[in-house]
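Before any comments, here is the structure.
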Amino acid sequence: MSVKSPAPERVITAGAPRPPRRVGFSQRLSRWDVKVSPYLYISPFFIAFAITGLFPLIYTGYVSVYEWKLLGGQGEFIGFENFAAILAHDVFWKSLRNTFSIFLLSTVPQVAVAIVLAALLDQNLRARTFWRMGVLLPYVVAPVAVGIIFGRLFADQSGLINAALGVFGLDPVRWHVEPLPSHIAIATMVNFRWTGYNALIFLAAMQAVPRDLYEAAIIDGAGRIRQFFSITVPQIRATIIFVVLTSTIGGLQIYDEPRVFDELGRGGSSQQWMTTTLYLYDVGWGTQRNLGRAAAVAWILFLIVIVIGSINFALSNRIASSGGHGPQRRSRRQRRAAARSTRRP
């Protein structure tokens, strides 16, 4: 009978360096899983954005620096001549004026009415589902149907609006002739379609506001208006910024409503309501059939949207932050001081 001697124990002397720990393949794979998996999960969005958004944007910039006809295809490299030709064209500046006029007449009252309408729908109403679904109905109406209906309402000779003005002894308005009345009519179409949609977005954000804040405000004696400006507006700040940005982008790219405002869809006899997107279509596929200049118009409009969107983001962020005594953003120095104070024993 043989007796095995026990294995000698590893003795680590004090002060000696510890041998490096061997990491197995499974542990290494787990580390890669933790680091790489989040990027893989969100990668489909960026891949889809690169295909459908980034590539057309870059390719449009490539087309804009070439002489590119609709039938002849790509021509010679001409640099920024297409941009210079567009900026020297009077119709472009007229379309830009019309775009900003319709944008201001539609977006500003639209957002203001939508947030007030959402505050009313957030109250304890009877048949609240009926009222909430009712404000969404204009959004599901087709733009062509909206154009036909409002085209009849704002008709110059036989429109319902002019008939109502005649009852009060007022002269009829030439909605399809003068610039400002045509802009008001188109802005009314835009507000009809999008106010209810934005109101439901605001309502969803208001539903997430903690009710404890309102109960504490009622105990302190705050009224409805005070609660709205001191609690509701600061708490839905992110939603306000989102709606303002999306409304800005949509307002500066408006196409459907001015396109269906009359039968021709050319923006009026003297381009009195031609927007920049209508002008882009006319340059590329209408009278000029010049895709290079149309691409230049698209890039100019893209830069304008970026600038106006940044300004609106800064203004809405500032207004929402100063709307009451809600949570305020701390500066970087304040955040560092708070972090140091938490690390102290």
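For segment 186-195, a tally of residues being open to solvent by less than 10 Å² (accessible area, probe 1.4 Å) and either among the small types (Gly, Ala, Ser) or free of Cβ contacts under 8 Å to residues at least 60 places away in the same chain (or both) returns 1.
Among the residues of segment 267-287, the ones that are assigned to a loop (DSSP other than H, G, I, E, B) and open to solvent by less than 20 Å² (accessible area, probe 1.4 Å) come to 6 in all.
Quick one: count up the residues across segment 243-266 that are in a loop (DSSP other than H, G, I, E, B) and under 16 Å from Ser106 (Cα atoms). Break it down into steps so the answer makes sense when it comes.
Initial filter on segment 243-266 (in a loop (DSSP other than H, G, I, E, B)): 253-255, 260-266.
Add one more test, that the residue is under 16 Å from Ser106 (Cα atoms), and what stays is 253-255, 261.
Going through segment 243-266 one residue at a time, the tally reaches 4.
Filtering Leu200, Leu264, Leu245 for residues that are under 21 Å from the mean Cα position of the chain (by Cα), under 25 Å from Ile149 (Cα atoms) and either open to solvent by 70 Å² or more (accessible area, probe 1.4 Å) or in contact (Cβ under 8 Å) with a residue 24 or more places away in the chain (or both) leaves a single hit, Leu200.
Within segment 92-132, which residues are among the β-branched types (Val, Ile, Thr) and open to solvent by 10 Å² or more (accessible area, probe 1.4 Å)?
Looking only at segment 92-132, we keep the residues that are among the β-branched types (Val, Ile, Thr), and these are 99, 102, 107-108, 111, 113, 115-116, 129.
Correct list: Thr107, Val108, Val111, Val113, Ile115, Val116, Thr129.
For segment 203-242, filtering for residues that are in a loop (DSSP other than H, G, I, E, B) and either acidic (Asp, Glu) or crowded, with 20+ Cβ neighbours inside 10 Å (or both) leaves 2.
Within segment 168-185, take every residue that is in contact (Cβ under 8 Å) with a residue 40 or more places away in the chain and outside any loop (DSSP other than H, G, I, E, B) and give me the one that is most open to solvent (accessible area, probe 1.4 Å). Steps first, answer last, please.
As a first pass, look at segment 168-185 and keep what is in contact (Cβ under 8 Å) with a residue 40 or more places away in the chain: 176-180, 182-185.
Those left that are additionally outside any loop (DSSP other than H, G, I, E, B): 179-180, 182-185.
Numbers: Pro179: 56, Leu180: 100, Ser182: 0, His183: 6, Ile184: 73, Ala185: 0 Å².
So the residue we want is Leu180.
Within segment 153-167, being assigned to a helix (DSSP H, G or I) and open to solvent by 40 Å² or more (accessible area, probe 1.4 Å) holds for Leu153, Leu160, Ile161, Ala163, Ala164, Leu165, Gly166, Val167.
Any residue that is among the polar types (S, T, N, Q) and touching a Lys or Arg at 6+ places or on another chain (Cβ under 8 Å) - is there at least one of those in segment 279-300?
Step one: list which residues in segment 279-300 are among the polar types (S, T, N, Q), which gives 287-288, 290.
Applying the additional criterion that residues be touching a Lys or Arg at 6+ places or on another chain (Cβ under 8 Å) yields 290.
Yes: one or more hits.
Considering only residues in segment 292-345 that are outside any helix (DSSP H, G or I) and surrounded by 15 or more Cβ atoms within 10 Å (Cβ to Cβ), the one that is modelled with the highest pLDDT turns out to be Gly323.
So, in segment 249-261, of the ones that are among the aliphatic types (A, V, I, L, M) and more than 16 Å from Ser182 (Cα to Cα), which residue ends up surrounded by the fewest Cβ atoms within 10 Å (Cβ to Cβ)? Step through it out loud before you land on a result.
Our first condition is that a residue be among the aliphatic types (A, V, I, L, M); within segment 249-261, this holds for 249, 252, 254, 260.
Now restrict to residues that are more than 16 Å from Ser182 (Cα to Cα): 249, 252.
Values: Ile249: 14, Leu252: 22.
The selected residue is Ile249.
Just to be sure before I move on: is Glu215 over 30 Å from Met189 (Cβ atoms) and more than 13 Å from the chain's Cα centre (by Cα) in the structure I sent?
Criteria met by Glu215.
For segment 101-132, the set of residues classified as at pLDDT below 85 and hydrophobic (A, V, I, L, M, F, W, C) consists of Leu125, Ala127, listed by residue number.
The values are calculated or read from the model by the stated rules, or taken from the named source; none is laboratory data. Computed from a predicted structure; not experimentally measured. So basically every Cβ, Gly included, is an ideal-geometry build from the backbone, and we count neighbours across all protein chains shown. When the accessible area is computed, the model is the full protein with side chains, heavy atoms only, and any ligands, DNA or RNA have been set aside. Shrake-Rupley method; radii C 1.70, N 1.55, O 1.52, S 1.80 Å.
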